[in-house]
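Peer 1: Before I ask anything, let me first share the structure, which is written out below as structure tokens.
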Amino acid sequence: MHPALSVIFFTTASGAGYGLLFLLASSCAINPASISLYEILTMLALGLLFSSAGLLSSMSHLGRPERAWRAFSQWRSSWLSREGVIASFSYLPALLLGVLMWRNDVWIAMRLCAILLAACAIATVLCTARIYSSLKTIHAWHNVYVLPAYLLFALLSGAIWNIAVRGWFSSVCSVEALIATMLLLLLSVILKLRYWRFIDTTRSASTAETATGLGRFGQVSSFERPHTEQNYLLKEMGFVLARKHAQRLRRLVLLLFAATFIVLGMLLLISTSLLSAVLATLAAITVSIGLLVERWLFFAEAKHLVTLYYDTRQR
Amino acid sequence: MTCLPQAKSGAKKLGLVIDLDICVGCHACAVACKEWNDGGDFGPLPDENKQQREPFGVWFNRVHTYDVENAATKQQMTVHFPRSCLHCETPDCVTVCPTGASYKRAEDGIVLIDEDKCIGCKLCSWACPYGAREYSEVRGVMQKCTLCVDRIYNETLAVEERQPACVLACPTHARHFGDLGDADSAVSQLVAAREGYALMPELGYQPVNRYLPPRPRRDQRNAVAKAQEEKIDLDQLPPLLRWVDKLLSR
Ligand code: SF4
Ligand code: SF4
């Protein structure tokens, strides 16, 4: 699949945003006294900035962005519509949470708001993942790894940005939080490795023979294409990434994750506040770049069934 | 609404039956389709770089040509293969649409795009395994085969012209249009007689269109072998031809 930068940026940025909002909301719901007001407001702002930047960039991918409001209508059947509805709705509990924290007297309402925000954040990422994982036409997306990977990566990038923001406010970055984040990172790497193994070793049940129905006569290969030039199908879905590059980029993702892991590990040992804030921000940046490359690969390595009608020889 | 209409037994299922045995791959259907739909209710079908080196534009119908080789007998055949929307009964291209622009008509099963509602998110084209949807960069919306819904019910046309443009244009009559929901219709009978099949049935989209398989070819390889085996009684030949035979057999 053609790796459109707007969509790649959208899914990673909004993932980080909702991950951040989820962590913030859950800590508000569990123990609101544990975080200072300014910390909360900064995290809310950053979370909303990331998710809004993502949503805006996904709008730029539309042919008719001025009609985007129509996308709220088909939540009964469409994951894309559901994503739009929940993502837009989540601004309500997010802003309300900010106001309630500011007033600092209605604890029950604030906790309810926080729970609602946490639920919206998870639900939005879940919808994003389902948009992809429900497509039967793309073997690399229609599998059990995609949904947990989206959730895990959102949580991971949210957690690291969370550590970075907290680092700038107070020197304390709890050891538990750091270790939990490092475990998340390890889990993400394991999941990604298994995913890559899956797409390398399995293939879709559909072939050029079932696509044309001519398998009963023998092996089918393309003799002449319908058009000599490119068309939309080939541009959008015929994108093929050379295997050599894929391997190199996979290694880059692992390298960036490893670097993040080491930086997080260093944070465990450091107590100077300024240095740890800088290091935490560095970790947030490396993991975000790693996730961007990973998401680019997620598209570039995905082969759409329509390619069976075109390059039937290279299966 | 992008939820699919409730399936009723005996409901109309309009669609095409394409005979791969006689299609000659002339692209007349594709060209007639482009011409009609460019000016029809769902047009235009704009092209970019029309007069230049790399023209680019939307077509609803694309004609492939395949080589099919039997691994055991080494017999080969060439099959021309028109590809367009199959007006599937349970297609994801409809349900993924967030706006309701992509829909399936309850009354005859035609799958259409309401171009006034489409936001151009392209998701429906990702959900179609058959490559039936093409996005128009110029118009910012998705476009696809309409089964010439603006012809088949068009009372300003003569009755015999109320058929999809591709069916009318085909010089070999490889394309047939009709109601595949009615077991007694001419198209259904043709499918039954020729064992017409659906494409990629394993995906569960339940295409309505059917393809008729090529009839078995004469075994060319045997024919060649037979020709080689043929013995000539040289003694019967006049001397000149005997000399020619000797020359050719060298
Ligand atoms: S062929 Fe493609 S566009 Fe047409 S109904 Fe089936 S899935 Fe949808
Ligand atoms: S491109 Fe248009 S028709 Fe297709 S899913 Fe998006 S809004 Fe619906």
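The values are calculated or read from the model by the stated rules, or taken from the named source; none is laboratory data. Remember, it's a predicted structure, so these values are computed and weren't measured experimentally. Don't worry about glycine lacking a Cβ; one is built from the backbone with ideal geometry, like all the others, and counts go over all protein chains shown. Only protein heavy atoms, including side chains, enter the accessible area calculation; ligands, DNA and RNA are left aside. Shrake-Rupley method; radii C 1.70, N 1.55, O 1.52, S 1.80 Å.
Peer 1: Would you point out the residue of region B:94-111, among those that are in contact (Cβ under 8 Å) with a residue 60 or more places away in the chain, of a type in the set (A, V, I, L, M, F, W, C) and within 14 Å of B:P5 (Cβ to Cβ), that is nearest to the other protein chains (Cβ to nearest Cβ)?
Peer 2: B:V94
Peer 1: Within region B:1-26, take every residue that is open to solvent by 60 Å² or more (accessible area, probe 1.4 Å) and either of a type in the set (F, W, Y) or in contact with a strand residue (DSSP E or B) (Cβ under 7 Å, 6 or more places away or on another chain) (or both) and give me the one that is farthest from B:D182 (Cα to Cα).
Peer 2: Ranking the qualifying residues of region B:1-26, first place goes to B:V24.
Peer 1: Does region B:114-128 include one or more residues that are within 23 Å of the chain's Cα centre (by Cα), within 14 Å of chain A (Cβ to nearest Cβ), under 22 Å from B:A186 (Cα atoms) and modelled with pLDDT of 95 or more?
Peer 2: No: zero hits.
Peer 1: Output yes when any residue across region A:47-64 is charged (D, E, K, R) and either within 16 Å of ligand 1 (Cβ to nearest atom) or assigned to a helix (DSSP H, G or I) (or both), and no when none is.
Peer 2: No, every residue in region A:47-64 fails to be charged (D, E, K, R) and either within 16 Å of ligand 1 (Cβ to nearest atom) or assigned to a helix (DSSP H, G or I) (or both).
Peer 1: Looking only at region B:15-45, how many residues end up being touching a helix residue (DSSP H, G or I) at 6+ places or on another chain (Cβ under 7 Å) and within 14 Å of chain A (Cβ to nearest Cβ)?
Peer 2: Result for region B:15-45: 5.
Peer 1: Here's another thing I want to ask about it. Pick out the one residue from B:E107, B:E137 that is more than 16 Å from ligand 2 (Cβ to nearest atom) and either over 30 Å from A:G218 (Cα atoms) or aliphatic (A, V, I, L, M) (or both).
Peer 2: Exactly one residue qualifies, and that residue is B:E107.
Peer 1: Taking helices (runs of 4 or more DSSP H) that fall entirely within region A:82-196, which contain at least 3 residues that are under 30 Å from B:P129 (Cα atoms) and more than 14 Å from chain B (Cβ to nearest Cβ)?
Peer 2: A:107-133, A:146-169
Peer 1: Still on this structure, please answer the following. Could you grab the pairs with beta carbons closer than 6 Å, sequence gap of 6+ or different chains, first residue in region B:187-207 and within 14 Å of chain A (Cβ to nearest Cβ), second one part of a helix (DSSP H, G or I) and open to solvent by 20 Å² or more (accessible area, probe 1.4 Å)?
Peer 2: B:M200/A:T210
Peer 1: Also, I was wondering about something else. What do you reckon, is A:S77 within 27 Å of B:V94 (Cβ to Cβ), of a type in the set (S, T, N, Q) and open to solvent by 10 Å² or more (accessible area, probe 1.4 Å)?
Peer 2: So A:S77 passes the test.
Peer 1: Mind telling me which of the residues B:N70, B:N49 ends up being away from ligand 2 (no atom under 16 Å from the Cβ), more than 22 Å from B:R133 (Cα to Cα) and free of Cβ contacts under 8 Å to residues at least 12 places away in the same chain?
Peer 2: Selected residue: B:N70, the only one of B:N70, B:N49 that is away from ligand 2 (no atom under 16 Å from the Cβ), more than 22 Å from B:R133 (Cα to Cα) and free of Cβ contacts under 8 Å to residues at least 12 places away in the same chain.
Peer 1: Only one residue in A:L256, A:L233 is crowded, with 19+ Cβ neighbours inside 10 Å and closer than 30 Å to B:T78 by Cβ, so which one is that?
Peer 2: Result of the check over A:L256, A:L233: A:L233.
Peer 1: Can you pull out every residue in region B:132-166 that is away from ligand 1 (no atom under 16 Å from the Cβ) and within 14 Å of another protein chain (Cβ to nearest Cβ)?
Peer 2: Scanning region B:132-166 gives B:E137, B:V138, B:R139, B:G140.
Peer 1: Please find, within region B:81-93, the residue that is nearest to ligand 1 (Cβ to nearest atom) out of those that are within 11 Å of chain A (Cβ to nearest Cβ) and of a type in the set (D, E, K, R).
Peer 2: B:D92
Peer 1: Only one of these conditions is not met by B:L112: (1) buried (at least 23 other Cβ atoms within 10 Å of the Cβ); (2) within 13 Å of ligand 1 (Cβ to nearest atom); (3) among the hydrophobic types (A, V, I, L, M, F, W, C). Which number is it?
Peer 2: (1)
Peer 1: Kindly provide the set of residues from region B:124-134 that are near ligand 2 (Cβ under 7 Å from one of its atoms) and open to solvent by 10 Å² or more (accessible area, probe 1.4 Å), ordered by number.
Peer 2: Within region B:124-134, just B:C124 meets the criteria.
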